[in-house]
Each structure stands twice: as C-alpha cells, then as structure tokens.
1. In the stretch 88-138, how many residues are assigned to a loop (DSSP other than H, G, I, E, B), open to solvent by less than 70 Å² (accessible area, probe 1.4 Å) and either touching a Cys at 6+ places or on another chain (Cβ under 7 Å) or over 27 Å from Ala76 (Cα atoms) (or both)?
2. Give the stretch 1-48 a look and list any residue that's among the hydrophobic types (A, V, I, L, M, F, W, C), surrounded by fewer than 14 Cβ atoms within 10 Å (Cβ to Cβ) and free of Cβ contacts under 8 Å to residues at least 60 places away in the same chain, or say none.
3. Step by step: first the residues of the stretch 55-70, then only those that are closer than 29 Å to Val24 by Cα and of a type outside the set (Val, Ile, Thr), then the one that is modelled with the highest pLDDT. Which residue is that?
Amino acid sequence: MPSFKIFDVAGSGMSAQSVRLNTVASNLANADSISGDPKAVYKARHPIFEAVKSAMQSQEGGNAAVKVKTIMESQAAPAARYEPGNPLANAEGYVYAPNVNVVEEMVDMISASRAYQNNVEVMNTSKELMLATLRLGQ
C-alpha cells in the first residue's frame, strides 16, 4: 500500500528526533559535572543522521527515511578550572568540566522539538486526508 509510506517516513523522522532530544537532555544533565581527570570528564554527544532509501525504491517510485547512523562524542577539550579546595581536584588543584555549551544545547532542543512536532503534524494531516477520502464513498 503505497499511500501508507508517508507514515513510515514521518515515523522515522520522529524516531530520529527523539534520539536527538535524548542526547540533548543527556548533555544538559551533565553540563555541570566535573572530574579530576580530563579523560574521565563527560563528553557532549550528538547524533549523526543519514538518509535511507527503500529497497523497493526503483520499483514503486520509492520512499526514503532517516535513521541515526551513530552518536558522536565531542572532541573538544574540557574546561580546566583551578579549585584546589575541591575534593575532586587533581594534584595541581584543577578540576575539569565538560565543554557543553548550554545555549547551543537549548537551541538544538528547540529545533529537535519543532522537527518532531512537524512530523506529528504530517502524520495527522495524512490521516485526516485518508479519512476524508474514505468518507467520499459514503
């Protein structure tokens, strides 16, 4: 049933944006964490998306979807703060904080939320159009 492909496309978009929202939530939750070792500090994570084409694409006009290819950790250096009184401080008195930009994460969260909302709207509109088409035969 080719007319139901829109639900697969919008559903895959919703799934991908859900992963994006979860990674943003994880980044925001760990933005204030600290460590005495720069290698052990939390690293921000960001999903990498890829377009996926259906195996039936050449036969039926095709459909595409989106999926999460991988979740990458940031390679940015952690921020070093001199806090010799902190129990987590290393021998030199430094603690390390993740290099998570809270403003960028909030913008990413709003963007992901709106993309998710747009996919929901596509699904609802498609459903209403299909129901209106079925009512034509009454």
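1. So the answer is 0.
2. Hits for the stretch 1-48 are Met1, Phe4, Ala29, Ala40, Ile48.
3. Lys69
The values are calculated or read from the model by the stated rules, or taken from the named source; none is laboratory data. Note that the structure is a prediction, hence the values are computed from the model and not measured. No Cβ is skipped: glycine too gets one built from the backbone with ideal geometry, and neighbour counts run over all protein chains shown. The protein model used for the area step is the full one, side chains on, heavy atoms only, and it has no ligands, DNA or RNA in it. Shrake-Rupley method; radii C 1.70, N 1.55, O 1.52, S 1.80 Å.
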